[in-house]
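*Asks:* A single structure is presented below for examination.
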Amino acid sequence: MSWLYLILAGIFEMTGVTMINSWHQNRNWRTLLLLIGGFGASFLFLSLAMKELPMGTAYAVWTGIGAAGGAILGMILYGEPKDAKRIFFIAMVLSAAIGLKLVS
């Protein structure tokens, strides 16, 4: 169950990061609530995951999901560059997170 919590924490981290960009474009209550809710839920699920998972592993996977997911959402939603080098390094981040799961 702790790995599910960690994945959810990463997904909510992506939501929070996406809402930061939305907040810069459109300052309204909905965006602010999604931003606060995304980061709040992210920290909640991270803390639940860390009850069973080692701190270093949980934090590395959480930041990996958030960073890679944020970069992917930036490419999809905001027209950020989609060049092969960028995709390769995003894949490396995800591979490292998967590797930590396999050795934990």
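*Asks:* Residues in segment 64-91 that are free of Cβ contacts under 8 Å to residues at least 24 places away in the same chain and not acidic (Asp, Glu): how many?
*Replies:* Filtering segment 64-91 down to residues free of Cβ contacts under 8 Å to residues at least 24 places away in the same chain leaves 71-72, 75-76, 79-91.
Next cut, not acidic (Asp, Glu) only: 71-72, 75-76, 79, 81-82, 84-91.
So the answer is 15.
*Asks:* Of all residues in segment 47-62, which are aliphatic (A, V, I, L, M) and out of contact with any Leu (no Cβ under 7 Å at 6 or more places or on another chain)? Outline the logic, then answer.
*Replies:* Let us first name the residues in segment 47-62 that are aliphatic (A, V, I, L, M), namely 48-50, 53, 55, 58, 60-61.
Leu48, Met50, Met55, listed by residue number.
*Asks:* Counting only residues that are open to solvent by less than 60 Å² (accessible area, probe 1.4 Å) and among the hydrophobic types (A, V, I, L, M, F, W, C), how many does segment 1-16 have?
*Replies:* Number satisfying all stated conditions: 5.
*Asks:* Just to confirm my filter: which helices (runs of 4 or more DSSP H) fall fully inside segment 20-104 and include at least 3 residues that are at pLDDT below 95 and surrounded by fewer than 13 Cβ atoms within 10 Å (Cβ to Cβ)?
*Replies:* Helices (runs of 4 or more DSSP H) meeting the threshold: 55-78, 84-103.
The values are calculated or read from the model by the stated rules, or taken from the named source; none is laboratory data. All values derive from a computational prediction rather than experimental measurement. Please note: Cβ atoms are built from the backbone with ideal geometry, for glycine as well, and neighbour counts cover all protein chains shown. For accessibility, only protein heavy atoms count, side chains too; no ligands or nucleic acids. Shrake-Rupley method; radii C 1.70, N 1.55, O 1.52, S 1.80 Å.
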